[in-house]
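For reference, the structure is listed below as structure tokens.
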Amino acid sequence: MKKILLSLVLVMSTASLFAQNQKVQSAILYNRHGELDKAQAAIDEAILNPKTSESAKTWYYRGEIYLSIFGSDQFSSLASDPLVTALESYSKSLVLDLKNDFSDDSRRKIGSAFNNIYNRGVERYSKKDFVNALADFERLLVLTPGDTNLIFNAALASEKLNDNARAVKYFNNLLAIDFKTAAIYQTLAQIMKEEKDTARAIEYLAAGRKAFPNEVGLVIDELNIYMIQNRQAEIVTNLNEAIKLDPENATLYYALGYAHDRQKNEELAALNYSKAIEKKPDYFEPYYNLGALYFNKTVEMLKEANKIPFNQPKKYEEAMVKVKASFEKAQPFLEKAHELNPADIDAMNSLQQLYVQTKQNEKALAMKKKKDDATKPPVEVQKP
């Protein structure tokens, strides 16, 4: 009796397996004849059954069917993302295929689906669809977690979505596998600045400078933080280092001149303003600042001269000769600044005062008129 029952169980089991295999075979035939809705229903039923869900064949043909759905206008609505489902199916088949019945084809189809999803992610990114671009890159990262292109793209998409935590994670993953660029350190520092963590921003920039000692952008980014924090000593140090790396950059000389100007180091300020002008002869700011430096110094000299007692006329006259000479030293720089930017009110104010102090009355009146015209409110036209 036991033998008969055992035989019945075996027959029933065999019949059940045959039925499920028939589902797979039906799915293959439906796919071949373009009946993709029926093919999908049959293969999904086979996937859910334990007897066929561990078969490499089942998963391989699931990949085939979903790839067909991806390429079909008529049946594209059968799945939300058939390309991803196809990729997952081929990958599962490859894992289960111990006899290598479908391995070569699976690898080829995986490569094709992978490339299609990657290209789609890039296209979505270019169209500013960062949410779905990130989803594509992260799906592929599950299969190839060390792919530097995918990690980098996922980091960029995360940054565009203002998902700073995720962006930092991906950028740090790249650094951990020795995929380093100056831009990564700069981006990490920028994110830290957005997070109000300037200490970590400086740490990233310092690490970047160690890895890329000749990258002037890292020095300048670090410099900008020091400028916000008013760390004058570090500002001067960084500017000198940046100039060594980019000696033709007029902006760096101007910034160094400005830093020395703020530290009341007139000689070095004037030297670097002059170098900025030498590198860029039409650079308004160093002309104006150099003129202002001499002008402000002269104003202080004038104040001191005015303190001289009336009973010391000779001393006063000698002091005023020096004042006039100092004003005349400022004049060509302020005039050049005005020539480069005729609308700048500060330059006009300084020139007007200079002309008055040096008794260049016609120039003073002309500059006053120009300034008044520039600051005059527009006349409203009355409606008839």
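A few remarks follow.
- Residue match in the range 87-95 (condition: surrounded by fewer than 17 Cβ atoms within 10 Å (Cβ to Cβ) and out of contact with any Cys (no Cβ under 8 Å at 6 or more places or on another chain)): yes
- Restricting Leu334, Leu365, Leu351 to residues that are out of contact with any strand residue (DSSP E or B) (no Cβ under 6 Å at 6 or more places or on another chain), in contact (Cβ under 8 Å) with a residue 24 or more places away in the chain and part of a helix (DSSP H, G or I) narrows the list to Leu334.
- Filter result (closer than 16 Å to Ile277 by Cα and surrounded by 13 or more Cβ atoms within 10 Å (Cβ to Cβ)) within the range 332-351: Pro332, Phe333, Leu334, Glu335, Lys336, Ala337, His338, Leu340, Asn341
- Selected residue (criterion: surrounded by the fewest Cβ atoms within 10 Å (Cβ to Cβ)) from residues of the range 186-218 that are of a type in the set (Lys, Arg) and either in contact with a Cys (Cβ under 6 Å, 6 or more places away or on another chain) or part of a helix (DSSP H, G or I) (or both): Lys210
- Considering residues of the range 159-175 that are hydrophobic (A, V, I, L, M, F, W, C) and in a helix (DSSP H, G or I) only, the residue nearest to Tyr125 (Cα to Cα): Ala167
- Options Ser126, Ser89, Ser72: the member that is in contact with an Asp or Glu (Cβ under 9 Å, 6 or more places away or on another chain) and of a type in the set (S, T, N, Q): Ser89
- The listed residue being in a helix (DSSP H, G or I) and either under 29 Å from Tyr273 (Cβ atoms) or not aliphatic (A, V, I, L, M) (or both), out of Asp178, Asp221: Asp221
- Looking across the range 26-54, the residues that are at pLDDT below 85 and either touching a strand residue (DSSP E or B) at 6+ places or on another chain (Cβ under 7 Å) or part of a helix (DSSP H, G or I) (or both) come down to Ser26, Ala27, Tyr30, Asn31, Ala39.
- Every pair of residues 6+ apart whose Cβ atoms lie under 6 Å, when the first sits in the range 95-115 and is free of Cβ contacts under 8 Å to residues at least 12 places away in the same chain while the second is exposed (fewer than 13 other Cβ atoms within 10 Å of the Cβ): none
- Total residues in the range 296-318, condition under 23 Å from Gln352 (Cα atoms) and of a type in the set (Ser, Thr, Tyr): 1
- Of residues in the range 111-138 being of a type in the set (S, T, N, Q) and loosely packed, with under 13 Cβ neighbours inside 10 Å, the one farthest from Asn153 (Cα to Cα): Asn115
Quick grid of which residues meet (1) assigned to a loop (DSSP other than H, G, I, E, B); (2) surrounded by fewer than 20 Cβ atoms within 10 Å (Cβ to Cβ); (3) free of Cβ contacts under 8 Å to residues at least 60 places away in the same chain:
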residue	(1), (2), (3)
Ile243	no, yes, yes
Tyr254	no, no, yes
Ala259	no, no, yes
Leu268	no, yes, yes
Tyr273	no, no, yes
Ile277	no, no, yes
Pro281	yes, yes, yes
Pro286	no, no, yes
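- Output for the range 125-155, where each listed residue is of a type in the set (D, E, K, R) and either under 26 Å from Leu175 (Cβ atoms) or at pLDDT below 90 (or both): Asp136, Glu138, Arg139, Asp147
The values are calculated or read from the model by the stated rules, or taken from the named source; none is laboratory data. Predicted model only: the values in this text are computed from it and were never measured. Backbone-built Cβ (ideal geometry, glycine too); neighbour counts: all protein chains shown.
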